[in-house]
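The values are calculated or read from the model by the stated rules, or taken from the named source; none is laboratory data. Just so it is clear, the structure is predicted and the values come from calculations on it, not from any experiment. FYI the Cβ positions are ideal-geometry reconstructions off the backbone, even for glycines, and counts take in every protein chain you see. All accessible areas refer to the heavy atoms of the entire protein, side chains included, with ligands and DNA or RNA removed. Shrake-Rupley method; radii C 1.70, N 1.55, O 1.52, S 1.80 Å.
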Amino acid sequence: MQWLRINTLLLLIVSFYSQASTLSRDMTILTSIEFEGRPSGASEPHRSAFYIHRQFEKFAMDVEISSFQFKQGFFGSGTGHNVVATMRCTLKHCQSALVITAHYDHLGKNGYKHYPGANDNATGVAVMIDIARQLNGTKLNRDIIFVATDAEEKGLHGAKHFVSQLDHKPIFMNINLDMLDMQKRNELYALASSSIKPEKNSVISLFERYAVPLKMYFSSKRMARRLNEPQIDWLRASDHYPFHRAKIPFIYFGSGVDKNHHTTEDALTEINLEKLAQVSNSITGLVRSYADSSASETN
Ligand SMILES: [Zn+2]
């Protein structure tokens with residue numbers, strides 16, 4: 001049975017590689033039955049971690065799996081495995097690193113119920129890999145660290161672990177990607193640190209160039225009110241929060257509220273891949289503006 005499953009997966013890889021972009025191929029594989037809803041907690045890294053590791057290895061980056069323990073329930077504990085890839089600064093004098101995060105874990109499966117986690121957060125991971133692909137070979141004035149975090153769904157554990165390991169190393173900014181499908185409202189949302197406020201208009205106009213209408217907020221409450229879901233705390237909802245707590249500026253990109261969130265309906269068929277490519281291009285443009293230019297440090 002194991003062989004059969006691997007063969008099916010290989011077939012999927014081969015057929016999609018020849019036809020479609022790597023973005024749709026990564027989405028297809030990450031949401032496949034074989035990836036079991038990308039559960040977290042096991043002592044060995046899930047196959048989705050190895051898949052992401054292999055994609056990062058295709059580019060000029062140092063890639064490692066960083067494992068950690070986290071508390072589960074009252075007495076239990078689990079193991080998480082972040083996939084960390086670093087694209088090196090090419091200058092002699094480098095500015096502080098930019099960290100891009102996207103969690104790859106999802107809810108796993110429950111009996112016969114498969115949770116594909118397409119928007120949450122195969123979109124973020126696929127876009128993160130696509131950003132690395134687009135930046136590969138670019139001359140950079142700072143390291144770009146790509147972190148595919150684990151155990152986000154169980155309490156942002158991967159991001160907490162990454163931040164705890166920084167040991168006062170200065171970080172320019174965290175760009176966190178969690179649920180990037182623009183299908184429903186045809187808008188992308190960003191919540192950012194107040195220090196990024198002066199850049200609001202230039203960020204929005206950069207996204208306009210890629211036909212991505214971006215709504216940018218600096219207050220979680222305001223964002224929640226505008227999305228008609230006042231109970232959601234967007235500041236604490238995803239991996240940017242541990243960075244914020246460590247006083248690292250952040251921009252979180254997401255699709256706002258998704259009716260399929262944490263249901264078996266969060267499937268690839270619901271995702272607009274064309275728009276996802278536009279989102280990927282616009283965020284790549286933003287990363288380029290920070291890593292190519294001599295943008296002044298904010299910390
Ligand atoms: Zn989630």
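See the values below:
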item: Cα convex hull of region 2-292, projected area averaged across orientations, nm²; result: 15.3 nm²
item: Protein accessible area in the chain, 1.4 Å probe - carbon and sulfur %; result: 53 percent
item: Residue-averaged [θ]222 nm for the chain, counting only DSSP H segments that reach four residues, each worth -39500 (n - 2.57); result: -10500 deg cm²/dmol
item: The chain: most fluctuating residue of 44, 153, 36 per GNM, C-alpha cutoff 10 Å; result: 44
item: Cα lying deepest toward the dipole's positive end in the chain, options 264, 149, 100, charges on Cβ; result: 100
item: Region 83-108 residues near the modelled residue 169 label - backbone nitrogen below 20 Å, point 7 Å along Cα→Cβ; result: 83-104
item: Å² per residue, accessible surface of region 62-146 at 1.4 Å; result: 42 Å²
item: Signed unit charges on C-beta, dipole axis of the chain, positive-most listed residue 204, 284, 253; result: 204
item: Helix 123-135 vs. the chain, principal-axis angle (Cα, 0 to 90°, nearest 10); result: 60 degrees
item: Computed lengthening from residue 221 to residue 92, 0.36 nm per intervening residue step minus Cα-Cα distance; result: 42.2 nm
item: Entries in 109/154; 71/113; 169/247 that, when Cα-Cα distance is taken, lie over 18 Å; result: 71/113
item: Potential extension, residue 74-residue 232 segment - 0.36 nm per residue separation minus Cα distance; result: 54.4 nm
